[in-house]
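Student: Before I ask anything, here is the structure I am working with.
The values are calculated or read from the model by the stated rules, or taken from the named source; none is laboratory data. No experiment lies behind these values; they were computed from the predicted model shown. Every residue, glycine among them, receives a Cβ derived from its backbone with ideal geometry; neighbour counts consider all protein chains shown. Each accessible area value is taken on the protein alone, full model and side chains, heavy atoms only, with ligands, DNA and RNA left out. Shrake-Rupley method; radii C 1.70, N 1.55, O 1.52, S 1.80 Å.
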Amino acid sequence: MEQNNVKGSGFLKVTGILMIIGGAIALIVGIIAILGIAALAYITDGELVTGLLYAAGVLTLVSAVAELIAGIVGVKNCKKPEKAGSCIVWGIIVAVLCVAGCVLTAVGGSAFPVFSLILGLVLPALFIIGAIMNKKSN
């Protein structure tokens, strides 16, 4: 099959680019969040329990890095159907981390963020669909 006609390659590339952008933004937000939590802990002189906040910040950083990696893998391999399996795996990792973030929100005492979960799963789901379309063209 000719490399330019790989089914789903454009779809995978676009969602990969969006994941790179989202991952970069999330990485910046995660770093700011960790710094903010540290400042809050310092200001309250240890009176505020920040363990769950730090866990959320670390999860944000891990999710951001995973999203960046997934996006890069998707863009790099969008015309290589034989590499679609790794794209699917990275899409699933990003989706699982999204669910973990929503669970952590609920554990922290807030209502389970159903709307955030749905929005957070849209891009990884589209990424996985693009990877599956890409794999089927092999």
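Student: Any residue at all in region 36-46 that's surrounded by 18 or more Cβ atoms within 10 Å (Cβ to Cβ), out of contact with any Phe, Trp or Tyr (no Cβ under 7 Å at 6 or more places or on another chain) and over 14 Å from Pro124 (Cα atoms)?
Tutor: No; the residues of region 36-46 include none that is surrounded by 18 or more Cβ atoms within 10 Å (Cβ to Cβ), out of contact with any Phe, Trp or Tyr (no Cβ under 7 Å at 6 or more places or on another chain) and over 14 Å from Pro124 (Cα atoms).
Student: Pull out all pairs, ordered by first then second residue, where Cβ-Cβ is under 6 Å, the residues are six or more apart or on different chains, the first lies in region 19-32 and is at positive phi, and the second is of a type outside the set (S, T, N, Q).
Tutor: Close Cβ pairs (under 6 Å, with a partner that is of a type outside the set (S, T, N, Q)) do not exist here.
Student: Taking Val62, is it aliphatic (A, V, I, L, M) and open to solvent by 50 Å² or more (accessible area, probe 1.4 Å)? First the steps, then the outcome.
Tutor: On the way: aliphatic (A, V, I, L, M): yes; open to solvent by 50 Å² or more (accessible area, probe 1.4 Å): yes.
Yes, satisfied.
Student: Here's something else I'd like to know. Filtering region 47-89 down to residues that are among the hydrophobic types (A, V, I, L, M, F, W, C) and in contact with a Phe, Trp or Tyr (Cβ under 8 Å, 6 or more places away or on another chain), which residue is farthest from Met133 (Cα to Cα)?
Tutor: Just the residues of region 47-89 that are among the hydrophobic types (A, V, I, L, M, F, W, C), to begin with: 48-49, 52-53, 55-56, 58-59, 61-62, 64-66, 68-70, 72-73, 75, 78, 84, 87-89.
Remaining after also requiring in contact with a Phe, Trp or Tyr (Cβ under 8 Å, 6 or more places away or on another chain): 66, 69-70, 73, 87.
Working: Ala66: 22, Ile69: 20, Ala70: 16, Val73: 16, Cys87: 11 Å.
That would be Ala66.
Student: Any residue at all in region 97-108 that's of a type in the set (Ser, Thr, Tyr), assigned to a helix (DSSP H, G or I) and out of contact with any helix residue (DSSP H, G or I) (no Cβ under 6 Å at 6 or more places or on another chain)? Show your work before the answer.
Tutor: First pass over region 97-108, keeping only residues of a type in the set (Ser, Thr, Tyr): 105.
Cutting the leftovers down to assigned to a helix (DSSP H, G or I) gives us 105.
Add one more test, that the residue is out of contact with any helix residue (DSSP H, G or I) (no Cβ under 6 Å at 6 or more places or on another chain), and what stays is 105.
Yes.
Student: Something else about it: Check whether at least one residue in region 6-20 is surrounded by fewer than 14 Cβ atoms within 10 Å (Cβ to Cβ) and part of a helix (DSSP H, G or I), and report yes or no. Break it down stepwise before answering.
Tutor: Filtering region 6-20 for residues surrounded by fewer than 14 Cβ atoms within 10 Å (Cβ to Cβ) gives none.
No.
Student: How many residues are within 12 Å of the chain's Cα centre (by Cα) and either under 15 Å from Ala55 (Cα atoms) or loosely packed, with under 12 Cβ neighbours inside 10 Å (or both) if we restrict to region 91-115?
Tutor: At the first step, the residues of region 91-115 found to be within 12 Å of the chain's Cα centre (by Cα) are 91-101.
Keeping just the survivors that are either under 15 Å from Ala55 (Cα atoms) or loosely packed, with under 12 Cβ neighbours inside 10 Å (or both) gives 97-101.
So the answer is 5.
Student: Next question. So for region 116-137 (the condition being part of a helix (DSSP H, G or I), in contact with a Lys or Arg (Cβ under 8 Å, 6 or more places away or on another chain) and surrounded by fewer than 18 Cβ atoms within 10 Å (Cβ to Cβ)), does at least one residue qualify?
Tutor: Yes, because at least one residue in region 116-137 is part of a helix (DSSP H, G or I), in contact with a Lys or Arg (Cβ under 8 Å, 6 or more places away or on another chain) and surrounded by fewer than 18 Cβ atoms within 10 Å (Cβ to Cβ).
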